[in-house]
Structure formats: structure tokens, C-alpha cells
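A short reminder: the numbers here are calculations on the coordinates, not readings from a lab. Source: prediction; values computed, not measured. Here the Cβ positions follow ideal geometry from the backbone for every residue, glycine too, while neighbour counts run over all protein chains shown.
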Amino acid sequence: MNILNIIKISYRSLGRNKLRSFLTMLGIIIGVAAVIAMLAIGQGASNAVKQQIAGLGTNMLIVFPFASTQGGVHFQAGTTSRLTQSDATAIQEQCPAVEYVTPIVRVVTQVIAGTQNWRTIVFGAYPNYEEIRNWPVQSGSYFTDSDERDAAKVCLLGQTVAENLFGAGTVPIGETIQIRNLPFKIIGVLAPKGQNANGDDQDDIVVAPFSTVQQKLAGTIYANAIFASAISSSAVSTASDEITQLLRDRHKLTSGAPNDFTVRTQTEIASTADATTKTMTLLLASIAGISLIVGGIGIMNIMLVSVTERTREIGIRMAVGARGSDVLTQFLIEALSLSFAGGIIGIVLGVLSSQFVSNIQKWPIVISPESIVLAFIFAAAIGIFFGWYPARKAANLNPIEALRYE
Amino acid sequence: MADPIISVKHLVKIYKMGDFEVHALRGISLEINPREFVAIMGASGSGKSTFMNIVGCLDIPTSGEYLLDGIDISKMDRDELARLRNKKLGFVFQSFNLLSRTTALENVELPLLYSNSRSAAQRREKAMEALNAVGLADRAGHYSNQLSGGQQQRVAIARSLVNDPVVILADEPTGNLDTRTSVEVMEIFQKLNERGITVVLVTHELDIARFAGKNVLFKDGKISRIAMVEDRKIASEELPKIPVLEDEMES
Ligand SMILES: Nc1ncnc2c1ncn2[C@@H]1O[C@H](COP(=O)(O)OP(=O)(O)O)[C@@H](O)[C@H]1O
Ligand SMILES: [Mg+2]
């Protein structure tokens, strides 16, 4: 049998009943549009959450110089610190799961610009503080390794500090501030980071090279903490183990002795957020999946009704020589064409509606080509799957009974 | 004489309905030769349609032998029967059985779409030729619901002859038509028969049966009588005698 003829027959038949064709398509249109929109919104939201988590520095580990206690550790109580810059160097060199390491020294003090002064925290860190905290500058640039080597008196201001010293909206790069009577040149302003999990304002900070703060402001040979980042979020616990082992060795702790330091990670936060995103994606995917299945059942429903309604037509076709396989092919092509056309219209509608939602609600959306391909393949598969049974039914009709059908 | 086009021997058809059996055909033996025009008659329920369906390869007999154009169809499967219906048979039904929302031309083309040998242009030409033969070439583009009953039946006849069948089978083709239109349809059958096409038709009207060359009477699933028609009527001569009704849709 000539397949082109069957295609012609199918299209004539679809064109003959445009309303029925459209109604059949409607299920798929809505299903595909829902899938596209759900995935666009879901992926958009999931991306936004991921970005926020990345902003926290999920890969980050913090080593405090105390044994952990029931009441938790206290960053400020640094007098007996035994963490040193060389601990940081050793971690950098000997822990393969660790990517960046910086010792941190911390001074709480007044900073003065002209007549304005502000009490804040001055952090001393290596330039890789940017990568570890995932905290870029909004303007200007970070200090460099040579600034670190030379203990240069340069600094970066957090948003809150910059606003309080120089007023909102000004870019004080190149200006000088006084910290404990030493002039520091401002070379950058950090991007806003907002509050941390404890509700502290993270932008209330000045960051300067570690050597500068340690030697010129704190006057200590120790570090208040060591910040590190693991090579990936999945390597955080490995990195934690490696650091713990290394520091135990370096601090010459016997095997029974408790740690004299604490390694904290943000894994808990990360895994909770990760689970939330996964749940959300799953939820959206199931809603989308259900709408596609409903669309498919719609197709099957109308195809089945159409087989019954067209029983006589099928009888006529068989009487003039259509074989069962011709009728099967015709009905399958009809179902497939409807789901293809429905798929394309659904994709257009889904893209438009998710863009609409995004514009109205200011939701981030991501329309990935994969989701379009996926929705289209689904539509086609549903066309075949749900078109098969009615087509089979039509093909197996007995010509005489079909002709006698009223 | 040439070999018969249709040759049935001891044809039996039993419909089983649960444990109840209907003996629709109880041993029919009949030969129909090329160029014959046979009218099958009989009371309602005598098995005429059952016989036509089997001869038309739409159904298979419970037992008995059937040779169509020398081919034994008893061993054929569904697909082969479909091919035979397409190539060798033309069917005309009482209720016209045209596709709705479809033009006359597309209806006539239908059998050609299920036999792959022709191009679209050739199909069109063939279909127009057939419509011409039934005098409806000017209605090619009309939809079936825009045609009168007589015109619809003529389209159905055009469809039945478009694939050059060896025999046209018509089961009560005039059953839904008024007298004049019935005679017009018989005129077409007679014309086709003169062109050499074998015609077998079922009717329970004596008047209609007299347009045929031979009458076969069915009774309770058996043939009770076979007779040549003596004073055969010629449709084209009868037509002028029938008054044209005012409200008839024919043009
Ligand atoms: N599909 C069927 N199932 C059961 N009985 C049938 C069927 N078709 C026909 N019959 C029975 O077979 C007998 C012959 O029917 P049919 O061939 O239609 O007669 P006719 O066309 O001469 O009126 C009738 O008694 C009818 O009820
Ligand atoms: Mg009958």
C-alpha cells in the first residue's frame, strides 16, 4: 500500500472535521504548554535557589581554634588560638580535596574617613577570600598576592561601611580611610551580600590583606580562623576529614585526645536546600507529567469516540478495499499528526505563557532546549501510545458489521 | 460459453447467536456468467444480503465453495479479500454509503487510493470518467450531503465501477429511491451491462427485477426458482412514461 495515499486520506479526514481535530489537539496543547511552563518556572526557581546557596559559599569550611563545646564555639575568644598561617599553608599543600585556603585575622575597630567614623570588623585574608566566600567586588578590584606579600595598606569596603562613611551611591575608590591611625587606600567595594543565617549584616566589613592586618593592626602571630573551600560541594566532607587529620598531626594530638580545633561546614544548609530544590522540581515534573497524561487520555478518548462515530466510514473504506493495516495506519497518522501539531502549538503557548508569568510576577524562568525537545518527544509518544488502541480497534472491525452500524 | 465469473456450490452460512443458530443460507449453488445481468429476489430474511456479502468478499461462508473469476476465495485471509474487493468487485448499497463531508469526486476516487498503481492525475481522470458514465461530471465538486438520493446512488455506482471491476454487486440499490429515480439508476446499470460489465442486484420489487436479464428467487436460504426475463424492460424507454414530480430535487 502506498503510504502517501494513506497520509492523504488521513489529512482529508482531519480536515473534514476541524472541530473534532482541534478538540483532540487541545489536550496535548495544554499538556505540552504546561510542561514547558512548569519546567521553565521550576528551572528558573531552582537556579535562583542554587545561586543563593552558592552565594553562601556552600563549599566553604571554617576552622576555629577551639574544641567544639555544647554551647557552640565563639569566634571572638581568640586568646589561646593555636591556628597559624603555616597551618593554612599546610592545608593548602596537603589536602587534595581543598581548593582555596586563607588564614583569617580579625580586628574590631573604628574606621575613619574625614569627619565620618564607623565601628566595624576588619578582616585580614588572602586575595582568594573572593573565591572562598564567592564574594566579588561591585566596583574596583581585590588586592593582589603582591599586596599580601608587601603588607600593603589597601582595603575593600563592604556596602554598609561604604554607605556609612561616604554616603549611599558614591564610589569611594581611591579615597583613604584611617584604621588605628594608619591610612588605608580603598581599592574596591564588595558586592552586597545581605544578612547571614544568624541575621548579622555581612556587609558591615572591611577586608584587607592578611599580612597587613596581622602585623599592623592585630599584632599577633596567630590566626583567628582558617577559611577553606572544597574542590566541589560533594568533596566538603572529605576536605573536612583531611583538614582534621592534618591539624591533629600538626598539633601533635595523641589518638585519644579531643580536637583542639573545630571544622565547620555548610553541608547541612546545602543539603537541605538541595533537597528542597529536588522536591520542588519533582513536584513540578509530576504536575507536568499528569497534564501530559491527561492530554494523552483526551486524545485516546476522542480517538475512541471517533472510531465509534466513524464505524460506518471504516466499513465503507473496507468495502472498497482498505485493509486492516491501511485503516490502522490512517488512524495512527491522524493521532500522530494531531499530537505533533498539538505539541508545536503547545510549545509556543508554553514559552509565551511562562514569559508572561515571568514578566508579571518577576519570576526567573529558564526555557531550556532540552525541555522543548522532551515535551515534543512526549507528545509524539503519547500520540502513538494513546492512538494505537483506537486505531487497532478500527482496523479489527468486521466490514459488514461496520457497514450495518447506525 | 466462457467460464463463469461467479461460481458457488453448496454455499451454507450459519450465524451463531449464543446457542441459537440462524441458517441464513442452506446450500446455494449458482453460476453467473460474464455480461449477465442477474436480479436476486426473495422475501425479507430469505438470505439475499448474506449471499451478496459472501459473493462480495465481505464475509466468508460457513461451508461451500466460491470461485470468483476462477479464484478460490475460501482460503484467503482478510488482506487478500480486501485486495479482491478493491480490484475485482464494485459494491452498491441501499443506503448509498458515501463518505460525508466529502466531494463526489473524492468519494469516487476512494477505491483508487487503496490501490497504489496510479498517480494523482490519473486517479482524477479515472474518477471523472466514472462520474461521466453516471452522468454526474458536473457535480464532481459537490459534497455528498448537497446531492439528492438518486445523485448519491449514482456517485456510489461511479465509485463501484472506477477500478474496472469484473462484477458490480448492488444490494437493493433502489430501496431508498422513488420510482422515477429507481428507473434512472436501472438505466445506468443497463448501460454499464451493455458495456460488458456483469451486474448482480438484489431487489424485492418485481418491476425493478424486470430490468434484469435473469431472475433468481431466494426462499429460506435456498434458491427456489431461476428464470430468464421474457418481456425485459428497457429503462430508457420506460423513463418518458413516468411523470416528473414537481418537488423532485433532480435537475
Ligand atoms: N450478522 C447476523 N447475525 C445473525 N443473524 C443474521 C445476521 N445477518 C443476517 N442474519 C439472519 O440471516 C437471515 C438472512 O438475512 P439476510 O441475508 O439479511 O436476508 P435478506 O437480505 O434476504 O432480507 C435472517 O434471518 C437474518 O436475521
Ligand atoms: Mg437484505
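Please give the charge dipole size of chain B, origin at the Cα centre, charges +1 on K and R Cβ atoms and -1 on D and E Cβ atoms. Round to the nearest 20 debye. Mind showing how you got there, number by number?
Working: 31 positive and 35 negative charges, 120 e Å.
Magnitude of the dipole: close to 580 debye.
Which Cα, out of A:PRO192, A:ASN47, A:LEU253, lies furthest along the positive dipole direction of the protein assembly as shown (beta carbon charges, K/R +1, D/E -1)?
Positive-end residue among those listed: A:ASN47.
Using unit Cβ charges (K, R positive; D, E negative) and no other charged atoms, how large, in debye to the nearest 20, is the dipole of chain A about its Cα centre?
On the way: 29 positive and 28 negative charges, 322 e Å.
Roughly 1540 debye, rounded to the nearest 20.
Between A:GLU313, A:GLU148, A:GLU334, which gets the highest mean-square fluctuation from a Gaussian network model of chain A, Cα cutoff 10 Å?
Answer for the Gaussian network model of chain A: A:GLU313.
Once the mean 1/r over all distinct Cα pairs of segment A:72-230 is inverted, what Kirkwood radius in angstroms do you read off? Before the final figure, lay out the partial values.
Numbers: mean 1/r = 0.0629 Å⁻¹.
After inverting the mean inverse Cα-Cα distance, the result is 15.9 Å.
Pick out which of B:LYS241, B:LYS88, B:LYS191 has the largest mean-square fluctuation in a Gaussian network model of chain B, springs linking Cα atoms closer than 10 Å.
Top of the fluctuation ranking is B:LYS241.
As I understand it, the dipole of chain A uses +1 on the Cβ of Lys and Arg and -1 on the Cβ of Asp and Glu, about the Cα centre. Which of A:PHE386, A:TYR142, A:ASN398 lies farthest toward its positive end?
Checking the options against the dipole of chain A, the answer is A:ASN398.
Percent antiparallel among DSSP beta bridges with both residues in the protein assembly as shown, to the nearest 5? Present the calculation step by step, with values, prior to reporting the outcome.
Working: 60 of 87 bridges.
So the antiparallel bridges in the protein assembly as shown amount to around 70 percent.
Reachable aspartates and glutamates from B:LYS233, Cα under 17 Å, same-chain residues fewer than 8 places away excluded?
Hits, sequence-local ones excluded: B:GLU36, B:GLU184, B:GLU187, B:GLU194, B:GLU205, B:ASP207.
If one computes P(r) from the Cα atoms of chain B, what percent of pairs lie at distances over 23 Å? Walk me through the intermediate numbers first.
Numbers: 15903 of 31375 pairs.
Cα-Cα pairs in chain B separated by more than 23 Å: 51 percent.
Quick check for me: using +1 on Lys/Arg Cβ and -1 on Asp/Glu Cβ, what's the dipole size of segment A:100-224 about its Cα centre, in debye to the nearest 20? Before the final figure, lay out each step's value.
Numbers: 9 positive and 12 negative charges, 70 e Å.
The dipole of segment A:100-224 has a size of about 340 debye.
How high is the relative contact order of segment A:131-234, in percent, counting Cα pairs under 8 Å that sit 6 or more residues apart? Mind showing how you got there, number by number?
Values: 152 pairs, mean separation 36.2, N = 104.
In percent, rounded to a whole number, it is 35.
Net charge within 14 Å of B:ASP72 by Cβ-Cβ distance, Lys/Arg positive one each and Asp/Glu negative one each, not counting B:ASP72 itself? Don't skip to the end; give the middle numbers.
Numbers: positive: B:LYS9, B:LYS75, B:LYS88; negative: B:ASP3, B:GLU65, B:ASP69, B:ASP77, B:GLU80.
My count for the surroundings of B:ASP72 gives -2.
Using the structure shown, list the pairs from B:LYS13/B:LYS75; A:LYS193/A:LYS278; B:LYS75/B:LYS126 with a Cα-Cα distance above 22 Å, or answer none. Mind showing how you got there, number by number?
Values: B:LYS13/B:LYS75 16 Å; A:LYS193/A:LYS278 25 Å; B:LYS75/B:LYS126 32 Å.
Violating the 22 Å limit, Cα to Cα: A:LYS193/A:LYS278; B:LYS75/B:LYS126.
Using the C-alpha atoms of chain A, what convex hull volume per residue, in cubic angstrom, is computed? Mind dumping the intermediate values first?
Working: hull volume 86.1 nm³, N = 406.
Dividing the Cα hull volume of chain A by its residue count gives 212 Å³.
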